[in-house]
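As C-alpha cells, the structure follows; a few thoughts come after it.
The values are calculated or read from the model by the stated rules, or taken from the named source; none is laboratory data. This is a predicted model, so every value here is computed, not measured. So basically every Cβ, Gly included, is an ideal-geometry build from the backbone, and we count neighbours across all protein chains shown.
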Amino acid sequence: MASLASLIPRLRKYFGDRRAAPRCATRLEKALAVHVYLSDAKGAEGETKPARLVGYTRDVSETGLGIVLPTVRIAGRRVDSPERALRVVVGLPHEQVEMQVVGVRSVELEAGEPGSGYLVGVHIREMTPDNRRRYLKYLRSLAVEDI
C-alpha cells in the first residue's frame, strides 16, 4: 500500500498544483529569523525609523515565504495586504538576504500549533542579483539535506 506522501505527487499531476515553486519546510530547528518592515511608516515623534515585526520562517521557496509573526499589523497597517510592499530581511545561517515582498494571505495559528500569532504567506517581488544568488544557494542546500 502506497503512503500518502507518495500519492501526493501523483494527485498533483491530475489535479494541478497551485504552488509556483516547490516549498522547503524550515522545521523549527532550521527556522530562519525574519524582520518585516514597512519602510514608509514613521517611528515615535515623527522619526523616520521604520516600523518592523520580528518572526521566523515556516517554509521557503524560490517565489515566496511562509512567515510566523506575532501580529499582522505594523504601525496600524496590515502586512497581508497585496497592495502593500514590504521589505523583508531573512537571516540565513551565515548571512542575510533582503527582498521586497507582498502579502498574499494570513491565517491565525491555533493555540496547539508551534509558535503563536499568524502564519503570513508572502510573494517575493524583487531581490538584487546578489541576494537572489545567495538565497537560491541556500534553497539548494535545503533540498540536498532533505534527501
Point to revise | Matching residues in the range 92-108 - criterion: being part of a loop (DSSP other than H, G, I, E, B) and farther than 14 Å from Thr57 by Cα | key: His94, Glu95
Study note, to complete from the structure: Inside the range 66-91, the number of residues satisfying the requirement of being part of a loop (DSSP other than H, G, I, E, B) and surrounded by 15 or more Cβ atoms within 10 Å (Cβ to Cβ) is 4
Exercise for review: Among the residues of the range 75-111, write down those that are at positive phi and free of Cβ contacts under 8 Å to residues at least 24 places away in the same chain.
Suggested key: Gly76
Review point. Could you say whether any residue in the range 13-29 is at pLDDT below 90, among the hydroxyl-bearing types (Ser, Thr, Tyr) and surrounded by fewer than 15 Cβ atoms within 10 Å (Cβ to Cβ)?
Key: yes
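Loosely packed, with under 14 Cβ neighbours inside 10 Å and either closer than 14 Å to Tyr37 by Cβ or basic (Lys, Arg) (or both), is that true of Arg105? I'd like the intermediate steps shown before the answer.
Details: loosely packed, with under 14 Cβ neighbours inside 10 Å: yes; either closer than 14 Å to Tyr37 by Cβ or basic (Lys, Arg) (or both): yes.
Yes; evaluated as a whole, the condition is true for this residue.
Looking only at the range 50-65, which residues are assigned to a strand (DSSP E or B), among the charged types (D, E, K, R) and over 9 Å from the mean Cα position of the chain (by Cα)?
So in the range 50-65, the residues assigned to a strand (DSSP E or B) come out as 51-60, 64-65.
Among the residues that remain, those that are also among the charged types (D, E, K, R) are: 52, 58-59.
Matches in the range 50-65: Arg52 only.
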